[in-house]
Amino acid sequence: MSTRSPSPPPRKGPPPAAGPRAAPQTSPRRSATPQASPIAPRPAPGAAPAGAAGAAAPLGEKDIARLQVLLDALPEPLEPLDVSMLDGFLCGVLLQPATIPAGAWLRHVMDLDGRPVPPGHAGLNELQGLVQRRYRELDAAISGRQWFDPWVFELDDEATPQEAMLPWVAGFSTALEQFPQLTDRNAPEALEPMAVLYAAFDPEDLEDADELLEMIETLEPPGNLDEAVEDIVASVLRLADVGRPVRHGPGAQPGARKGPPGRGGPPAYRGPRGR
């Protein structure tokens, strides 16, 4: 299976977001700061995910906005990921069966093709620090099979939930292209969660993926952004069971997956929706 991942959003930024969940403009080159999903309120600043002792404090809205500014400030011809693509990319990195060294994946955050940042670039250390914080935050959530807030954001009123998912999924796909250990396993149980995510792509962008396309045909698109966010989280956690299975000692019982804060229960995966 292969994909032609869409290029990073143009430097002038995606179309302005609209509505009460619209993202504020952070720079003239890229505009999007994702909004926390209303079904999973962002924890208070400085609060670590439940059960993740020692985890990095989650990035707040100001941190995310600052991260976007720092990504925008990288000089041309570099093509950095935007914050939504970055979030999907980090999940794709973290789902690999073996830990990917930071030096191998960080360069693709700064530039899609991994070209080096010019020596002495101002803000590089701060940028890397914020990225590493989000990496640790996601690592704790995925390791504990807990809910996390994907950095997806609402576009204009005419955009579908899958169009809002596309930057996140494009970043996720970029990670799997660079680090294919998970997909090389060809695990049958990975097919359905991969289809849920890759349904955001135009079918023409999926090459040599007949099984995936057939599975996508059985799925009904999410009806709103809340459902899209839930599908992202549930799919990532299902893929974690493939790439990073939880090891339990003899007689140990698997722990329950943590759902969105305040909702109780696991992040529900609805499976194929009937047409």
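The combined condition, being closer than 23 Å to Pro193 by Cα, without any contact (Cβ under 8 Å) to a residue 60 or more places away in the chain and not acidic (Asp, Glu), is fulfilled by Thr99. Restricting the range 58-76 to residues that are buried (at least 21 other Cβ atoms within 10 Å of the Cβ) and not aliphatic (A, V, I, L, M), which is farthest from Leu127 (Cα to Cα)? The extreme case among them is Pro58.
Taking every residue in the range 74-87 that is within 9 Å of Met110 (Cβ to Cβ) and pairing it with any residue that is of a type in the set (Gly, Ala, Ser), at least 6 positions away or on another chain, the pairs with Cβ-Cβ distances below 7 Å are Leu81/Gly171. Once the range 107-131 is narrowed to residues that are in contact with an Asp or Glu (Cβ under 8 Å, 6 or more places away or on another chain) and without any contact (Cβ under 8 Å) to a residue 60 or more places away in the chain, the residue that is surrounded by the fewest Cβ atoms within 10 Å (Cβ to Cβ) is Asp113.
Of the residues making up the range 90-106, those that are crowded, with 19+ Cβ neighbours inside 10 Å, of a type in the set (A, V, I, L, M) and under 14 Å from Val242 (Cα atoms) are Val93, Leu94, Leu95. Every condition in (1) of a type in the set (S, T, N, Q); (2) closer than 19 Å to Thr99 by Cβ; (3) within 17 Å of the chain's Cα centre (by Cα) is met by Gln162 except one, and the failing one is (2). The residues on offer are Ala73, Ala98, Ala48, and the sole one that is at pLDDT below 95 and in contact with a helix residue (DSSP H, G or I) (Cβ under 9 Å, 6 or more places away or on another chain) is Ala48. When you go through Glu137, Glu192, Glu163 one by one, which is the residue that is in a helix (DSSP H, G or I), touching a Pro at 6+ places or on another chain (Cβ under 6 Å), under 20 Å from Val229 (Cβ atoms) and not small (Gly, Ala, Ser)? Checking each option against the conditions leaves just Glu137.
The values are calculated or read from the model by the stated rules, or taken from the named source; none is laboratory data. Worth saying up front: this structure is predicted, and the values here are computed from it rather than measured. Cβ coordinates were reconstructed from backbone atoms using ideal geometry, including for glycine residues, and neighbour counts include every protein chain displayed.
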